[in-house]
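Notes follow the structure.
The values are calculated or read from the model by the stated rules, or taken from the named source; none is laboratory data. None of these values were measured; they are calculated from a predicted model. Methodologically, a virtual Cβ is constructed for each residue, glycine included, from the backbone with ideal geometry; neighbour enumeration extends over all protein chains shown.
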Amino acid sequence: MPVSNTKTDEARQVAEYWDRIAPEFDSIYAGNKNLLARGLDRWLRKDMYQRFDWVMRKAEELRPATVCDIGCGSGRFVSSLAKRGAQVTGLDFAPEMLNLASQLVEREGVADRCRFVLSDVLDWKTSENFDLVIAIGFWDYVANPLARLQVIHKLTGRTFLSAWPRAGTLRMAIRKVRLKVAGCPVYFWRLTDVESYLNQAGFQVESCEVLGQLYCIQARPV
């Protein structure tokens with residue numbers, strides 16, 4: 001689950017929104033819906049599944065021993081990466097999301113390779129370094145990415161994978177209206193701005209794939 005830029009009312013709104021919809025959001029991955037609802041998810045939220053497959057494909061290539069998932073939500077990425085043998089830390093500041101994540105890794109039998117931290121990445125006091133850091137479904141809710149990218153740079157040993165919602169799409173307008181009604185801010189990005197933020201934070205972009213409404217970017221610290 002992503003976070004906003006500062007500890008303001010906006011940050012509280014984001015956390016409250018994700019706490020409120022945690023089970024509903026997780027059902028998109030779990031598939032515990034009727035046939036019509038599952039079909040709509042596969043059509044309207046196709047890039048959610050694509051970004052998941054992209055991360056797992058990159059993980060197969062990179063074979064990381066340690067992973068940190070920034071904004072881990074209900075733990076779907078954490079569990080799958082742990083199944084591939086990694087020690088995974090999931091960071092989020094929505095308690096209900098972390099409750100779901102903890103339950104998931106227990107069910108999947110990988111709890112011994114997972115841990116969860118209730119925190120905004122800006123507030124996380126750690127000297128740890130991870131082979132792979134991911135931030136997926138995170139930047140949608142961050143007004144100014146630079147401060148968090150600078151912290152993530154310190155956490156990243158080898159590779160950083162991130163997904164950014166593209167500006168200028170039809171879905172952008174629809175999401176802005178829908179989430180405004182729900183009381184949650186949302187942001188969209190041009191590729192040039194994303195690359196600029198990553199470079200300012202000390203990353204070098206290695207590749208970018210456009211998956212549906214997303215820029216999926218692989219970068220490394222320099």
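Data for the structure
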| read-out | value |
| --- | --- |
| Lone qualifier among Gly202, Gly212 - being under 19 Å from the mean Cα position of the chain (by Cα), on the phi > 0 side of the Ramachandran plot and of a type outside the set (Ser, Thr, Tyr) | Gly212 |
| Pair list, Cβ under 7 Å, 6 or more apart: region 165-181 residue assigned to a helix (DSSP H, G or I), other residue among the hydrophobic types (A, V, I, L, M, F, W, C) | Met172/Phe188; Arg175/Val186; Lys176/Val186; Leu179/Val186 |
| Answer residue from region 52-79, given it is out of contact with any helix residue (DSSP H, G or I) (no Cβ under 9 Å at 6 or more places or on another chain) and not in a helix (DSSP H, G or I) and is nearest to Gly90 (Cα to Cα) among those | Thr66 |
| Pick from region 190-222, criterion more than 15 Å from Leu149 (Cα to Cα) and touching a Pro at 6+ places or on another chain (Cβ under 7 Å), ranking: modelled with the highest pLDDT | Leu214 |
| Residue within region 31-46 that is in contact with a Lys or Arg (Cβ under 9 Å, 6 or more places away or on another chain), at pLDDT 70 or above and either among the aliphatic types (A, V, I, L, M) or in a helix (DSSP H, G or I) (or both) present | no |
| Residue list for region 124-158, restricted to those being closer than 16 Å to Arg51 by Cα and either of a type outside the set (A, V, I, L, M) or surrounded by fewer than 17 Cβ atoms within 10 Å (Cβ to Cβ) (or both) | Gly137, Phe138, Trp139, Asp140 |
| Subset of region 80-103 (residues that are in a helix (DSSP H, G or I), under 17 Å from the mean Cα position of the chain (by Cα) and either of a type in the set (A, V, I, L, M, F, W, C) or more than 22 Å from Ile217 (Cα to Cα) (or both)) | Leu81, Ala82, Pro95, Glu96, Met97, Leu98, Asn99, Leu100, Ala101, Ser102 |
